[in-house]
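The structure appears below as structure tokens.
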Amino acid sequence: MLSRRFKVVMVVMSLLLSANVLAHDFGSPQDAVNSYITAVKTGSGEHIKMAFLESASIQYFNEEGSYKNYTRDAFAELVDSGNEWDATIEITDVKVTGNAANATVEFMWGEEGKKGYVDYLNLINHDGSWHITDKVAQYVER
């Protein structure tokens, strides 16, 4: 009886670990960036943690012109509101050289999409999975 329970527990743990690995396994830079986009569109701090390496740096200038600097986990807390954001967000450029990549993401909202951010994301492919290593961004009025 104990061995059967042990087998069931092992199968369940294996499935949980597999789901966790898959949640963090991005086959392309765009996959990692799309996890970031999902995070900000849906207010999901967990998607930030999946997309960015733990050592990632997030820096930007906001609408007031103030410089902001966050660790990945602090940025995940900031984003983790659960609120949907009515913004147009698109990847406008991706450059890949081997295991390194850079992506540009543009955010637009407000009347005629005049408010926005331009994000520059650096990514690395480590052990077969892409992740964002750092982000720099600037608020823009169009």
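The values are calculated or read from the model by the stated rules, or taken from the named source; none is laboratory data. Remember, predicted model here, so these are calculated numbers, not experimental data. Because the Cβ atoms are built from the backbone with ideal geometry, glycine has one as well, and the counts that use them run over all protein chains shown.
Observations, loosely collected:
- Of the residues making up the stretch 96-110, none is touching a helix residue (DSSP H, G or I) at 6+ places or on another chain (Cβ under 7 Å), at pLDDT below 95 and closer than 22 Å to GLU141 by Cβ.
- Residue within the stretch 13-28 that is at pLDDT 95 or above, surrounded by fewer than 18 Cβ atoms within 10 Å (Cβ to Cβ) and out of contact with any Gly (no Cβ under 7 Å at 6 or more places or on another chain) present: yes
- Restricting attention to the stretch 71-86, the residues that are surrounded by fewer than 17 Cβ atoms within 10 Å (Cβ to Cβ) and touching a residue at least 40 places away in the same chain (Cβ under 8 Å) total 4.
- Among the residues of the stretch 91-102, none qualifies, meaning not one is surrounded by 16 or more Cβ atoms within 10 Å (Cβ to Cβ), touching a Phe, Trp or Tyr at 6+ places or on another chain (Cβ under 9 Å) and of a type in the set (Val, Ile, Thr).
- Filter result (among the charged types (D, E, K, R) and part of a loop (DSSP other than H, G, I, E, B)) within the stretch 37-92: GLU63, GLU64, ASP80, GLU84, ASP86
- Only a single criterion out of (1) under 14 Å from LYS41 (Cα atoms); (2) touching a strand residue (DSSP E or B) at 6+ places or on another chain (Cβ under 6 Å); (3) without any contact (Cβ under 8 Å) to a residue 60 or more places away in the chain is not satisfied by ASP119, namely (1).
- Filtered by the rule that a residue be in contact with a Leu (Cβ under 6 Å, 6 or more places away or on another chain) and either surrounded by fewer than 16 Cβ atoms within 10 Å (Cβ to Cβ) or among the charged types (D, E, K, R) (or both), the stretch 103-142 gives a lone residue, LYS135.
- Of residues in the stretch 55-70 being free of Cβ contacts under 8 Å to residues at least 12 places away in the same chain and more than 15 Å from LYS115 (Cα to Cα), the one nearest to the chain's Cα centre (by Cα): LYS68
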